[in-house]
Amino acid sequence: MLKERLAGGRSQRVREFPAQDGIISESALSAYQEDGVVCLRDAFCQNWLDVIERGILQALNGASENLDVVKKPEDKGQFSVSSQAWQNVGPFREFIFKSHAADLAWPFLESRYMSLFYDFLLIKEAKSNNAETPWHQDHAYYPLRGKKAINCWIALDPIPLSTALRFWRGSHKSGVLYRAVNFENSELDYPYVRKERPELPDIDGTKDEKVLGTEMQPGDMLVWSSYTFHSAPGNTLDRRRAAFSVNWVGDDITYEETPAIETYLDSDLKTGDRLISEKFPLIRGSAERTA
């Protein structure tokens, strides 16, 4: 199993690069294009992490309208996720709009402009051993066309290799979208599954060198393509394992009117519209609203 392979150190490392002064090197961009994921070390200082933590307190105490809490019967801890909370949670909004998060993300999109797609909070509490995240592509869940979409995932706690995300290196290159999987019950279809898409490949059967993982410290940030397959084990630690991610899109992304969860939908947009609206604001560059 990949969990044992990762914990045993038999996977390859996600390539890592410094993120001082908000500058992204050409070597970091090249590694992202090749692997579909990179790690930016020391991307955010403690002051910005403190801002996120203030947002977490608000989100978990009712400010986030899209907060889900899952606890497996056999686990001591629970898994909490909050999405699209920036409009109601002031500290999240402060981080997204006032930190250098957008400056770090924009070069990876190679785009004339960049929009905010959504923010996502993930907290796996101590001993949420079975709160595993199965292999999936983020883009499989999106009502979007195009490829310029990235996830910027910031560690809020020390994350050892045993609980780290793992990635299938280069899996973004084919440009193929596979079926979305059901996170809560692998025996059931995802509610908005598109069965015209192919079933997931046998990623557990891939060679070790195709599986990437890395330990992280608070303030480190992973950047990956929405087409890159990734997964994560549950949290076997005696402490929290939390992250805050911000998802961005570029100039080839257009909206598609198709069933999806509310986080990704906008009634103000029609099929073919660029993803620029009050819900998905333009953050960098300039563009007309419709394609």
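The values are calculated or read from the model by the stated rules, or taken from the named source; none is laboratory data. Owing to the predicted nature of the structure, the values given are computational and were not obtained by experimental measurement. Heads up, the Cβs are rebuilt from the backbone with ideal geometry, glycines too, and the neighbour counts pull from every protein chain shown.
Give all pairs with beta carbons closer than 9 Å in which a residue from region 138-149 that is under 7 Å from S226 (Cα atoms) meets a residue that is acidic (D, E) and buried (at least 21 other Cβ atoms within 10 Å of the Cβ); count only pairs at least 6 apart in sequence or on separate chains. That search, which allows pairs on different chains as well, returns A149/D138. In region 1-39, how many residues are modelled with pLDDT of 95 or more, at positive phi and out of contact with any strand residue (DSSP E or B) (no Cβ under 8 Å at 6 or more places or on another chain)? Matching residues across region 1-39 total 0. Does region 248-264 contain at least one residue that is surrounded by fewer than 16 Cβ atoms within 10 Å (Cβ to Cβ) and on the phi > 0 side of the Ramachandran plot? No, the conditions are met nowhere in region 248-264.
Could we say that V223 is assigned to a loop (DSSP other than H, G, I, E, B) and of a type in the set (V, I, T) here? Spelling it out, it is not the case that V223 is assigned to a loop (DSSP other than H, G, I, E, B) and of a type in the set (V, I, T).
For region 31-77, enumerate the residues that are of a type outside the set (A, V, I, L, M), more than 24 Å from A19 (Cα to Cα), surrounded by fewer than 16 Cβ atoms within 10 Å (Cβ to Cβ) and in contact (Cβ under 8 Å) with a residue 24 or more places away in the chain.
Step one: filter region 31-77 for residues of a type outside the set (A, V, I, L, M), giving 32-36, 39, 41-42, 44-48, 50, 53-55, 58, 61-62, 64-66, 68, 71-77.
Now drop any that are not more than 24 Å from A19 (Cα to Cα), which leaves 58, 61-62, 64-66, 68, 71-77.
Okay, now just the ones that are also surrounded by fewer than 16 Cβ atoms within 10 Å (Cβ to Cβ), so 61-62, 65, 68, 71, 73-74, 76.
Within region 31-77, K71, E74, K76 qualify.
Do we have any residue at all in region 109-125 that's assigned to a helix (DSSP H, G or I) and surrounded by 20 or more Cβ atoms within 10 Å (Cβ to Cβ)? Taking every residue of region 109-125 in turn, at least one turns out to be assigned to a helix (DSSP H, G or I) and surrounded by 20 or more Cβ atoms within 10 Å (Cβ to Cβ). Taking into account only those residues within region 164-182 that are closer than 22 Å to V38 by Cβ and among the polar types (S, T, N, Q), which is nearest to the chain's Cα centre (by Cα)? Top of the filtered list is S171. Contact map, region 93-114: first residue small (G, A, S), second residue assigned to a loop (DSSP other than H, G, I, E, B) and modelled with pLDDT of 95 or more, Cβ cut-off under 8 Å, separation 6 or more or different chains; pairs are S99/F44; A101/F44; S111/K148; S111/G250; S111/D251; S111/D252. Kindly indicate whether E74 is at pLDDT below 95 and either acidic (D, E) or more than 30 Å from A126 (Cβ to Cβ) (or both). Taking the combined requirement at face value, the residue satisfies it. Residue-level analysis places A85 among those that are assigned to a loop (DSSP other than H, G, I, E, B), farther than 24 Å from D189 by Cα and at pLDDT 95 or above. Here T206 does not qualify as touching a residue at least 40 places away in the same chain (Cβ under 8 Å), touching a strand residue (DSSP E or B) at 6+ places or on another chain (Cβ under 9 Å) and polar (S, T, N, Q).
Among the residues of region 52-70, which ones are farther than 17 Å from F95 by Cβ and in contact with a strand residue (DSSP E or B) (Cβ under 7 Å, 6 or more places away or on another chain)?
Listed by number, the residues that qualify are N66, L67, D68, V69, V70.
Restricting the search to strands (runs of 3 or more DSSP E) fully inside region 130-172 and requiring at least 3 residues that are more than 26 Å from D189 (Cα to Cα) gives 149-155. None of R284, R239 is in a loop (DSSP other than H, G, I, E, B) and either charged (D, E, K, R) or modelled with pLDDT of 95 or more (or both) except R239. Looking at (1) in a loop (DSSP other than H, G, I, E, B); (2) under 23 Å from N235 (Cβ atoms), find the lone condition where I56 falls short. Looking at each condition in turn, I56 falls short on (1).
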